[in-house]
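Student: Following this message is one structure expressed as structure tokens.
Where a number appears in this text, it was derived from the coordinates with a stated rule and is not lab data. Here the structure is a predicted model, which means the values were calculated and not measured. Cβ coordinates were reconstructed from backbone atoms using ideal geometry, including for glycine residues, and neighbour counts include every protein chain displayed.
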Amino acid sequence: MSGTRMTQDVFVGIDVCKDRLHVGLWPAEETYSESNDPKGVARLAKRLARAKPRLVVLDSTGRPGQSGTPGGKAMTVKGCPR
């Protein structure tokens, strides 16, 4: 396919903590964090706009020792790579 550029889907996971947003990008296996305040969210939005992710999943850490899902069960997101 000459002249056609193949692109790979980008998936993003964000762990939302009180003070930080911990971000992971797949398949690049890149991780970073931003402050969980208006400036940090703006920086994250700009960075994600450039990455053009296919899917972004947010996970709220919640209280220590508690799962973020009802009943403490694991949650699978359809279409999200394992």
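Student: Which residues, counting only those in region 34-44, are surrounded by 11 or more Cβ atoms within 10 Å (Cβ to Cβ) and more than 17 Å from residue 15 (Cβ to Cβ)? Quick ask: steps written out before the conclusion?
Tutor: Pass one, region 34-44, residues surrounded by 11 or more Cβ atoms within 10 Å (Cβ to Cβ): 34-37, 40-44.
The answer is 42, and nothing else.
Student: Among the residues of region 14-30, how many are within 12 Å of the chain's Cα centre (by Cα) and either surrounded by 12 or more Cβ atoms within 10 Å (Cβ to Cβ) or among the basic types (Lys, Arg) (or both)?
Tutor: 10
Student: Out of the residues in region 48-62 that are in contact with a strand residue (DSSP E or B) (Cβ under 8 Å, 6 or more places away or on another chain) and assigned to a helix (DSSP H, G or I), which is nearest to residue 22 (Cα to Cα)? I'd like the intermediate steps shown before the answer.
Tutor: Start the filter on region 48-62 by keeping residues that are in contact with a strand residue (DSSP E or B) (Cβ under 8 Å, 6 or more places away or on another chain), which leaves 48, 51, 53-61.
So of that shortlist, the ones also assigned to a helix (DSSP H, G or I) come out as 48, 51.
Details: 48: 13, 51: 16 Å.
The qualifying residue nearest to residue 22 (Cα to Cα) is 48.
Student: If the Cβ limit is 6 Å and pairs must be 6+ apart or interchain, which residue in region 18-38 that is without any contact (Cβ under 8 Å) to a residue 40 or more places away in the chain pairs with which residue that is among the acidic types (Asp, Glu) and buried (at least 16 other Cβ atoms within 10 Å of the Cβ)?
Tutor: Note: pairs meeting the criteria are 21/34; 22/15.
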